[in-house]
Number of protein chains: 2
Amino acid sequence: MRRPALDFYFEFASTYSYPAAMRIAALAQAAGVTVRWRPFLLGPLFKAQGWDNSPFNLYPAKGRYMWRDLDRICGRLALPFRRPDPFPQPSLLAARVAHAGLAADWGEAFCRAVYAAEFGEGRPIGEEAVVADLLQGLGVAPEPALAHARSEEIKTAVRAATSEAEQAGVFGAPSFVTADGELFWGHDRMAEALAWAVRAPAGRT
Amino acid sequence: MRRPALDFYFEFASTYSYPAAMRIAALAQAAGVTVRWRPFLLGPLFKAQGWDNSPFNLYPAKGRYMWRDLDRICGRLALPFRRPDPFPQPSLLAARVAHAGLAADWGEAFCRAVYAAEFGEGRPIGEEAVVADLLQGLGVAPEPALAHARSEEIKTAVRAATSEAEQAGVFGAPSFVTADGELFWGHDRMAEALAWAVRAPAGRT
């Protein structure tokens, strides 16, 4: 029997992607689900909806609520939380490096390191020096990783993940898609998505 | 010691308000929390954000997801579900009648009857004949109730609930506000809001 699978779509600028990325590996392991990490870019999807900024900045009441809600969530999960300034952080570089890492064996650890730096410590993850420092902390040589991240192959991979997300119906992050195409949106749907993945037929992949 | 309290802000056109309204009484009773039912109008709050329609209509991917998500939620809760057509339903009449009922003793039962008719059976809750039928089902004489609902007193009460919601930071429905001013948004935050209400100091009310 094939092991249940779940696609995990996330964006490095996305606030609720932080607790999801920090928790999904342990929850998926407990549920017996294989997670495919799919870093993508929300920017193009937001632009298609007419937004040139995060909806949390465009709609201040929604933004105020989100920061408070995220603070509560992190408190409950004992995750350090610091609001990045500016928000949203530029996420393209981290997305490219993550795709390079996922093609090797350090991708998931890199994703967690980026989120911990950004939302746990308030570090500017758009800066190459910060990303290099995170790589070094994982024992990954920064120069070859950054060179791979700048390659056409990786640029294409990030674009492909973004358009794959859009085709799966994704409109925000984090999102989860099961093998039978069921979409779940938000950190607060992660457990439900994992449970669905366990029950889902092998589906269309 | 004062009994814990929670303000429950909801809108009759709002999809996720349906499961919240059907469930909150039993959950609040189990938690020992007194709920103040606050039907309000999302329209003015949406207009202030530049929306002249439900965001679920303005953003089709978000709308498609919401209908699927609501279907899953109702399935899990064994609540009947039928998508109202058109969506959103005109909700002003129901809000006014609900305020009349909450000033008497049939308000909460009326609110549940409206949601069950709208999202369980797909009935047009903007029509006076439908509202009269729901009142009759509750043993409430429709004519005096509808007359009260049309009074200046009740129109003012609906406007007051709407501006009170806005001042509490509400930007969507359902929302929950504790005595110490903590805001929770969404059916999926209802249990957390009740738990917060139990722990909250008597606060500002």
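Tabulated values for the structure
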{"item": "Within a Gaussian network of chain A (alpha carbon springs, distance under 10 Å), most fluctuating of A:Pro142, A:Pro44, A:Pro60", "result": "A:Pro60"}
{"item": "Shortest-first nm distances, A:Ala48 label point to equivalent points in other copies (7 Å, Cα→Cβ)", "result": "3.2"}
{"item": "Mean ellipticity per residue at 222 nm, deg cm²/dmol - from DSSP H runs of n ≥ 4 across the protein assembly as shown, formula -39500 (n - 2.57)", "result": "-16000 deg cm²/dmol"}
{"item": "Closest Cβ on chain A to the rotation axis that carries it onto B (distance rounded to whole Å)", "result": "A:Asp188, 3"}
{"item": "Where labels lie 7 Å past Cα in the beta-carbon direction, separation of A:Leu138 and B:Ala168 in nm", "result": "4.4"}
{"item": "Magnitude of the charge dipole, the range B:68-145, Cβ model with Lys/Arg +1 and Asp/Glu -1, debye to 20", "result": "380"}
{"item": "Protein-protein interface of the range B:148-187, residues with accessible area decrease of at least 40 Å², isolated chain reference, 1.4 Å probe", "result": "B:Phe171, B:Glu182, B:Trp185"}
{"item": "Relative contact order [Cα under 8 Å, 6+ residues apart], chain A, whole percent", "result": "31"}
{"item": "Karplus (6.51, -1.76, 1.60) ³J(HN,Hα), θ = phi - 60°, over the range A:115-126, in Hz, Gly and Pro reported as x", "result": "4, 5, 5, 6, 9, x, 10, x, 7, x, 6, x"}
{"item": "For A:Ala141, label point 7 Å along C-beta direction: distances to other copies, nm", "result": "9.0"}
{"item": "Under Karplus coefficients 6.51, -1.76 and 1.60, residue-wise ³J(HN,Hα) of the range B:13-24 in Hz, glycine/proline x", "result": "7, 7, 5, 6, 5, 4, x, 4, 5, 6, 10, 5"}
{"item": "Sequence-separation-based contact order of the range A:66-168, relative, with Cα cut under 8 Å and 6+ spacing, percent", "result": "29"}
{"item": "Relative contact order (%) - the range B:1-88, alpha-carbon pairs under 8 angstrom, separation at least six", "result": "30"}
{"item": "Label 7 Å beyond Cα on the Cβ vector: B:Arg76 copy-to-copy distances, nm", "result": "1.3"}
{"item": "Fluctuation leader among B:Ala103, B:Ala61, B:Ala165 - chain B, Gaussian network, Cα springs under 10 angstrom", "result": "B:Ala61"}
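The values are calculated or read from the model by the stated rules, or taken from the named source; none is laboratory data. No experiment lies behind these values; they were computed from the predicted model shown. Every residue, glycine among them, receives a Cβ derived from its backbone with ideal geometry; neighbour counts consider all protein chains shown. All accessible areas refer to the heavy atoms of the entire protein, side chains included, with ligands and DNA or RNA removed. Shrake-Rupley method; radii C 1.70, N 1.55, O 1.52, S 1.80 Å.
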